[in-house]
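Colleague: Attaching a single structure in structure tokens format; questions to follow.
The values are calculated or read from the model by the stated rules, or taken from the named source; none is laboratory data. In this text the structure is predicted, and so the values were computed from the model without any measurement. Heads up, the Cβs are rebuilt from the backbone with ideal geometry, glycines too, and the neighbour counts pull from every protein chain shown.
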């Protein structure tokens with residue numbers, strides 16, 4: 001790890017500016033180091049009415065830099081890193097304020113929790129620096145106290161909040177992250193109000209955990225974001241509070257979601273559904289690393305070991321290195337010649353069928369040769385999570401070959417239409433309408449054995465209530481099969497008004513090379529030299545149906561209008577050298593020598 005981390009460290013040691021990327025709007029900006037305040041930048045972003053909140057990404061970069069420098073001091077005893085880190089921390093301590101718009105926001109959360117953790121854990125800091133940080137935290141607490149939202153100011157318990165008509169409205173990641181930082185700061189400096197702040201945040205987080213276990217999510221990127229802050233605060237609490245949180249069922253849900261959304265061959269490449277950006281927001285791995293401090297599991301450790309170092313944020317590397325040192329001190333180490341994934345009970349495995357908070361997964365495993373199909377099935381009331389039930393991603397060899405935009409563009413541009421419009425997902429577009437409601441239901445699922453003795457799994461979901469009245473859809477269901485490591489088959493049943501139109505939009509991996517053969521369209525990736533064949537049971541496909549839709553960040557799309565008067569829409573996706581023959585009639589189909597029937601999926 002030290003060798004791989006050296007490249008990252010070199011970038012920070014020689015930097016003269018703090019560089020950060022607002023990736024959603026494709027802007028790269030910088031501030032001179034050290035950063036002594038957040039200045040007023042005269043930015044103008046097309047399609048965004050208010051000033052763009054660039055400070056969030058600036059704080060991400062500053063946090064990354066300081067954790068990286070601290071890592072080098074703590075584990076490499078690097079004197080230059082020590083000087084740079086002290087200089088930056090003392091500059092951060094001078095900031096006149098930590099909120100941006102006079103409210104508890106993400107910049108406040110990052111800046112204040114960073115200062116608090118540095119003061120508590122980075123024991124090598126000089127006394128003068130520690131005193132500057134303590135004074136900064138005192139100011140930050142006084143700044144944040146009056147900004148706590150009034151509906152939760154006097155919150156007495158989690159149950160009190162859960163009894164409100166729409167409790168999720170008080171549990172969005174942004175205010176909770178800021179309140180976690182406020183409570184952490186108060187604990188670290190032993191503020192007179194620390195017990196009140198921590199009690200309030202504990203109630204808020206317990207309410208969030210309770211609803212998470214019932215389906216409340218903001219996508220794995222934002223769930224991990226919040227949990228990482230919450231677990232940072234948790235390190236200031238008593239063992240009783242720690243135990244009540246780390247063993248809550250929702251903590252296992254977070255890990256299950258990370259495992260269920262993982263791409264075979266690249267587990268950190270989470271399936272992009274709802275509002276997920278795995279490369280830009282890998283906070284879930286930081287959260288799971290922190291969780292290991294109190295609730296260690298070999299299975300979770302194996303999952304974390306599978307995440308490449310370059311995908312982890314520096315805070316996760318800091319926590320992981322600290323844990324490794326503690327294990328070494330106890331003599332509790334895994335011999336280098338015995339990798340963790342060879343230890344009994346710790347293999348990197350997934351269930352054949354898994355339902356987590358936002359999706360269902362049909363997978364053979366998470367190795368490079370495995371196949372995983374993730375289907376969204378999210379009913380979360382959070383506004384930024386999309387109505388995309390039934391949309392699916394097919395993962396193999398480190399890529400999502402069939403994919404989804406997986407986010408929403410807030411700028412009012414064609415990219416917003418691409419991420420939110422009827423063409424955004426691969427469920428049926430009926431009479432020009434995509435889904436409008438998060439109301440998908442899992443009807444039945446399980447393992448299956450086909451006529452060719454191919455091992456597999458299936459899931460059937462009801463999507464009828466997801467569509468608006470204008471779609472005139474009486475019944476919409478999606479049946480999904482995963483057959484061995486080679487095939488995925490979909491059959492959508494659409495019963496709608498006479499003369500209805502049904503269209504599909506299958507987004508391919510942005511790195512894929514497209515081709516056609518014998519009525520099938522192919523996606524080829526030179527990284528694995530594998531080919532995925534797409535076929536329709538209703539018509540021949542060709543490259544004439546391949547389009548680069550306006551607003552796409554790179555994906556091309558197979559855009560298909562189905563023949564009229566079709567009720568059962570069959571699709572197959574095969575990792576084979578040549579496309580197997582797909583024949584479909586009504587509720588039955590054959591793919592090569594594999595026979596499939598909707599009737600076989602009905603409960604006995």
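Colleague: Select the strands (runs of 3 or more DSSP E) contained entirely in the stretch 487-599, then report the ones holding at least 3 residues which are in contact with a helix residue (DSSP H, G or I) (Cβ under 9 Å, 6 or more places away or on another chain) and farther than 30 Å from residue 469 by Cβ.
Modeller: 513-517
Conditions tested, residue by residue: (1) surrounded by fewer than 19 Cβ atoms within 10 Å (Cβ to Cβ); (2) in contact with a helix residue (DSSP H, G or I) (Cβ under 9 Å, 6 or more places away or on another chain).
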{"site": "5", "(1), (2)": "no, yes"}
{"site": "14", "(1), (2)": "yes, no"}
{"site": "51", "(1), (2)": "yes, no"}
{"site": "56", "(1), (2)": "yes, yes"}
{"site": "72", "(1), (2)": "no, yes"}
{"site": "85", "(1), (2)": "no, yes"}
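Colleague: Here is a further query. Confirm whether residue 242 is more than 18 Å from the chain's Cα centre (by Cα), within 26 Å of residue 133 (Cβ to Cβ) and touching a residue at least 24 places away in the same chain (Cβ under 8 Å).
Modeller: Criteria met by residue 242.
Colleague: Same structure, new question: Assess whether residue 285 counts as being crowded, with 19+ Cβ neighbours inside 10 Å and either under 29 Å from residue 154 (Cβ atoms) or in the same structural domain as residue 59 (by TED's automatic domain parsing) (or both).
Modeller: When the stated conditions are applied, residue 285 does not pass them.
Colleague: Separate question: I need the full set of residues from the stretch 70-81 which are part of a helix (DSSP H, G or I) and more than 16 Å from residue 133 (Cα to Cα), in order please.
Modeller: 71, 72, 73, 74, 75, 76, 79, 80, 81
Colleague: Looking only at the stretch 44-54, decide whether some residue is at pLDDT 95 or above and either closer than 22 Å to residue 181 by Cβ or in the same structural domain as residue 139 (by TED's automatic domain parsing) (or both).
Modeller: yes
Colleague: Could you tell me whether residue 65 is within 24 Å of the chain's Cα centre (by Cα), in a strand (DSSP E or B) and either exposed (fewer than 15 other Cβ atoms within 10 Å of the Cβ) or not assigned by TED's automatic domain parsing to the domain that holds residue 275 (or both)?
Modeller: No.
Colleague: Then there's this: Would you mind stating whether residue 362 is modelled with pLDDT under 90, outside any helix (DSSP H, G or I), within 21 Å of the chain's Cα centre (by Cα) and outside the structural domain of residue 261 (by TED's automatic domain parsing)?
Modeller: So residue 362 does not fit the description; no.
Colleague: I would also like to ask the following. Between 522, 585, which is assigned by TED's automatic domain parsing to the domain that holds residue 398, more than 33 Å from the chain's Cα centre (by Cα) and at pLDDT 95 or above?
Modeller: 585 is the lone residue from the list that is assigned by TED's automatic domain parsing to the domain that holds residue 398, more than 33 Å from the chain's Cα centre (by Cα) and at pLDDT 95 or above.
Colleague: Can you spot a residue in the stretch 296-303 that is surrounded by 22 or more Cβ atoms within 10 Å (Cβ to Cβ) and touching a residue at least 24 places away in the same chain (Cβ under 8 Å)?
Modeller: yes
Colleague: Does residue 428 satisfy being in the same structural domain as residue 514 (by TED's automatic domain parsing) and in contact with a helix residue (DSSP H, G or I) (Cβ under 6 Å, 6 or more places away or on another chain)?
Modeller: Judged against the criteria, residue 428 is not a match.
So that you can scan it fast, the table gives a plain yes or no per residue for (1) part of a helix (DSSP H, G or I); (2) at pLDDT 95 or above; (3) surrounded by 13 or more Cβ atoms within 10 Å (Cβ to Cβ):
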site: 137; (1), (2), (3): yes, yes, yes
site: 141; (1), (2), (3): yes, yes, yes
site: 145; (1), (2), (3): yes, yes, yes
site: 151; (1), (2), (3): yes, no, no
site: 154; (1), (2), (3): no, no, no
site: 176; (1), (2), (3): yes, yes, yes
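Colleague: Now, a different point. Does residue 152 satisfy the condition of being within 16 Å of residue 182 (Cβ to Cβ), within 30 Å of the chain's Cα centre (by Cα) and touching a residue at least 12 places away in the same chain (Cβ under 8 Å)?
Modeller: Spelling it out, residue 152 is indeed within 16 Å of residue 182 (Cβ to Cβ), within 30 Å of the chain's Cα centre (by Cα) and touching a residue at least 12 places away in the same chain (Cβ under 8 Å).
Colleague: Next question, about the same structure. Residue 98 fails exactly one of the following numbered conditions: (1) part of a loop (DSSP other than H, G, I, E, B); (2) touching a helix residue (DSSP H, G or I) at 6+ places or on another chain (Cβ under 6 Å); (3) modelled with pLDDT under 95. What is the number of that condition?
Modeller: (3)
Colleague: Then there's this: Report yes if some residue within the stretch 545-559 is assigned by TED's automatic domain parsing to the domain that holds residue 419 and farther than 29 Å from residue 423 by Cβ; otherwise report no.
Modeller: no
Colleague: On to the next question. Exactly one of (1) out of contact with any helix residue (DSSP H, G or I) (no Cβ under 7 Å at 6 or more places or on another chain); (2) at pLDDT 95 or above is unmet by residue 452. Its number?
Modeller: (2)
Colleague: Would you mind finding the one in 113, 131, 214 that is assigned to a helix (DSSP H, G or I) and either at pLDDT below 95 or over 26 Å from the mean Cα position of the chain (by Cα) (or both)?
Modeller: 131
Colleague: Does at least one position in the stretch 404-425 carry a residue that is under 16 Å from residue 557 (Cα atoms) and assigned to a strand (DSSP E or B)?
Modeller: Among the residues of the stretch 404-425, not one is under 16 Å from residue 557 (Cα atoms) and assigned to a strand (DSSP E or B), which makes the answer no.
Colleague: So which residues in the stretch 163-196 are more than 26 Å from the chain's Cα centre (by Cα) and touching a residue at least 40 places away in the same chain (Cβ under 8 Å), if there are any at all?
Modeller: 185, 186, 187, 188, 189, 191, 193 - these are the residues of the stretch 163-196 that are more than 26 Å from the chain's Cα centre (by Cα) and touching a residue at least 40 places away in the same chain (Cβ under 8 Å).
Colleague: Taking the options 463, 443, 392, name whichever one is touching a strand residue (DSSP E or B) at 6+ places or on another chain (Cβ under 6 Å) and surrounded by fewer than 19 Cβ atoms within 10 Å (Cβ to Cβ).
Modeller: Checking each option against the conditions leaves just 443.
Colleague: Output yes when any residue across the stretch 557-576 is more than 15 Å from residue 502 (Cβ to Cβ) and without any contact (Cβ under 8 Å) to a residue 60 or more places away in the chain, and no when none is.
Modeller: Within the stretch 557-576 (the criterion being more than 15 Å from residue 502 (Cβ to Cβ) and without any contact (Cβ under 8 Å) to a residue 60 or more places away in the chain), the answer is no, since none of the residues qualifies.
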